[in-house]
Number of protein chains: 2
Amino acid sequence: MKSVEELGERGIVDIILRSLEPMPNMPIPFGDDVSAVDVGHGKLAVIKTDMLVGRTDVPQGMSLWQAARKAVVMSISDLAAKGVKPIALLASMGVPRHFTQASVEQIGRGLNAGAREYDAHILGGDTNEASDLIISCAAFGVAKKNRLMLRSGAKPGDIAAVTGVFGKTAAGLKVLLQNLSASPKLRKTLVDAVLMPHAQLKDGLALAQTGAVTGSIDSSDGLAWSLHEISKASKVGFLIDNLPVSSDVRKFAEVHGLDPAELCLYGGEEYELVVTVDPKLWTKAKRIASLVRIGLVIEERTLSFDEEGRRAPIEPKGWEHFKTGQ
Amino acid sequence: MKSVEELGERGIVDIILRSLEPMPNMPIPFGDDVSAVDVGHGKLAVIKTDMLVGRTDVPQGMSLWQAARKAVVMSISDLAAKGVKPIALLASMGVPRHFTQASVEQIGRGLNAGAREYDAHILGGDTNEASDLIISCAAFGVAKKNRLMLRSGAKPGDIAAVTGVFGKTAAGLKVLLQNLSASPKLRKTLVDAVLMPHAQLKDGLALAQTGAVTGSIDSSDGLAWSLHEISKASKVGFLIDNLPVSSDVRKFAEVHGLDPAELCLYGGEEYELVVTVDPKLWTKAKRIASLVRIGLVIEERTLSFDEEGRRAPIEPKGWEHFKTGQ
């Protein structure tokens, strides 16, 4: 009998999914970033829940306002990756007994701030007593059928791209948790990436309009993991020849003798979009969204990267509950 | 500065709600059992989240299968109280490290069983590591506008009614947690009420069709609390002349020297519907749903009950996180 530590988050999810009877005519299959229900008139109701847990998702240095805002951003990011505008959210909370009125006010304001940043509203929720801070957000939006950017449509020859650079969160966590040094300006950039994540909603909505995107996912489990998820859902591989390492991260890595590729690929808790784009529509897509080309979709189901002449496999690892030591 | 124990669950909810900017034209105001978004064509998307926490919501003797099923039933019950058919649910989970593969399988099967009992499906979710079992379900359904049974329409002269008898859960918890004795048959009835709660979906859906219901709520926080919530939302009072005490509970109370009215009013964790009905449509409503008349809605904003010549106020108390000692 396996323990949940041996199973890991993915193993647990697989067991749960095997227990579920699938809804007939599910518009989005199990295991994509969001779920959907056909509500007629060519529209889908899109829903997503994501849970923030104090012990694993709220690093030292993050305020309760920031934690509550992050809980909202986490679930909005999944809608963004599918090109769906969030309309409303619910927040289900577990609150520890030692919290004060001020803690609750911070949480309330953080929830509201996160939603309003993306023009959405918190409509309600549920409050419970728990031994650790828990904020589970459910995000709701409406999408046109056939406009959703799923994980499953990438084809060999498509361009792999991202909406921004990577590695700042991984570096920021090293600053916050391991006290690694950085100049005040660099420190602020890296730490802000951890404390104030942003969902790439504008780019997601714009890209969905172009019809150029064949596969899409948010990078909350890390760049490497995200590429592997598209690979699995689309049955393709990736050859990455332009790792999107943040220049700040390169500097930080050099000072501390760290591998910038490692920080870029295996960090997680980043909320950029990782997409594959039909090459015929690349120019159109690039005009309306801040896309960085990072490589190509290939037929062979392998994932690797070239970085200044060094070629290495991209491992299927990233942030995973139970398996990632904290 | 108040602690959350002083604030209690209701105080916390009030602070959160004050922090939120309300969505313009909210179809359902803050604080009802569910939230909704107008999706056009005369339809509302209805959403609800409810969180089950191991320490407070899973009593000794409840299996993980039952706990997961209960998490689903809890959120379906809120849709039932509004007359909305649940279509899909998401389950966001916190799983402790000491759980095994068998625990996860039980949870998966319990989630599925809860949803399928009500002809709904689990579409997805999120798995996290947590120090206690957490299952936050988000339920989704679609309702016709103006067919929702809110808390806010009760009028003086309306008939107060419930879909079933009360007190079994409170008595069952005394059997499970305080080892109070009961015959094997009685024990099974009372304990089943705790371990296998049922949402009154059939009655809720049928009642919504009649247009007879002016106010409705589920009784998960107890009968007394539910009446107080309708009272607050509708600005009315209640005179209860027929406390719906289960006959099994009367027997149990007599043996153990307990007050059956107390068990009936202040138990909580029951999932009957508490409704107010337009007297002109009472016969119609009673024909299609299993309704028990318990009293009358009155203009004066007081709540009291008559029980065999004894008249007493109905206190605004019931299950409340932080305030209820466990």
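Considering the protein assembly as shown at the alpha-carbon level, its Rg and Dmax are found to be 26.0, 91 Å.
Starting from the label point of B:Ser63 at 7 Å along Cα→Cβ, the same points in the other copies fall at 4.8 nm, in ascending order.
Build a GNM of chain B with springs between Cα atoms under 10 Å apart, and of B:Gly124, B:Gly172, B:Gly268 the one that fluctuates most is B:Gly124. The GNM of chain B, with springs linking C-alpha atoms under 10 angstrom apart, assigns the highest mean-square fluctuation among B:Leu291, B:Leu227, B:Leu20 to B:Leu20. Karplus-based coupling profile of the range A:232-243, in residue order and whole Hz: 5, 6, 9, 6, 9, x, 9, 10, 9, 10, 9, 4, with θ = phi - 60° in 6.51 cos²θ - 1.76 cosθ + 1.60 and x standing for Gly or Pro.
Neighbour counting of Cβ atoms within 10 Å sorts the residues B:Arg301, A:Arg109, fewest neighbours leading, into B:Arg301, A:Arg109. Comparing mean-square fluctuations of B:Thr163, B:Thr56, B:Thr189 from a GNM of chain B with C-alpha springs under 10 Å, the top value falls on B:Thr56.
Taking amide H as placed 1.01 Å from N in the peptide plane, A:Phe166 has its amide H under 5 Å from the amide H of A:Val245, A:Ser246, each at least 5 places away in sequence or on another chain. Excluding same-chain neighbours fewer than eight residues apart, the lysines reachable from A:Lys284 by a Cα-Cα span under 16 Å are A:Lys202. Database remark: amide H of B:Ala88 closer than 5 angstrom to the amide H of B:His121, B:Phe140 (H placed geometrically; neighbours at sequence offset of 5 or more, or on other chains; Pro and chain starts carry no H). What you get for chain A, charging only the Cβ of Lys and Arg (+1) and of Asp and Glu (-1), is a dipole of about 860 debye around the Cα centre.
Sorted from closest to farthest, the other copies place their B:Leu177 label points 3.6 nm away, with each point set 7 Å from Cα along Cα→Cβ. The slack in the chain from A:Arg287 to A:Lys185, taken as 0.36 nm per residue of separation less the alpha-carbon distance, amounts to 33.6 nm. Taking θ as phi - 60° and the Karplus parameters 6.51, -1.76 and 1.60, the scalar couplings of the range A:179-189 work out to 6, 5, 7, 7, 4, x, 5, 5, 4, 4, 4 Hz in sequence order, x denoting glycine and proline. With a threshold of 30 Å on the Cα-Cα distance, the over-threshold entries among A:Lys155/A:Lys188; A:Lys82/B:Lys144; A:Lys48/B:Lys232; A:Lys82/A:Lys251 are A:Lys155/A:Lys188; A:Lys48/B:Lys232; A:Lys82/A:Lys251. Each other copy holds its own label point for A:Arg301; taking that point as 7 Å from Cα along Cα to Cβ, the gaps run 6.5 nm, nearest first. In order along the range A:192-197, the phi-based Karplus estimate (6.51 cos²θ - 1.76 cosθ + 1.60, θ = phi - 60°) of 3J(HN,Hα) comes to 4, 4, 6, 7, 10, x Hz; Gly and Pro are listed as x.
Exposed loop sites are taken as GluC sites (Glu not before Pro) in a DSSP loop (any state but H, G, I, E or B) with at most 11 other beta carbon atoms within 10 Å; the longest stretch of chain A without one runs A:1-298.
Every read-out reported here was derived from the displayed coordinates using simple, explicitly stated rules and does not represent laboratory data. Source: prediction; values computed, not measured. Cβ atoms come from the backbone with ideal geometry, glycine included; neighbour counts cover every protein chain shown.
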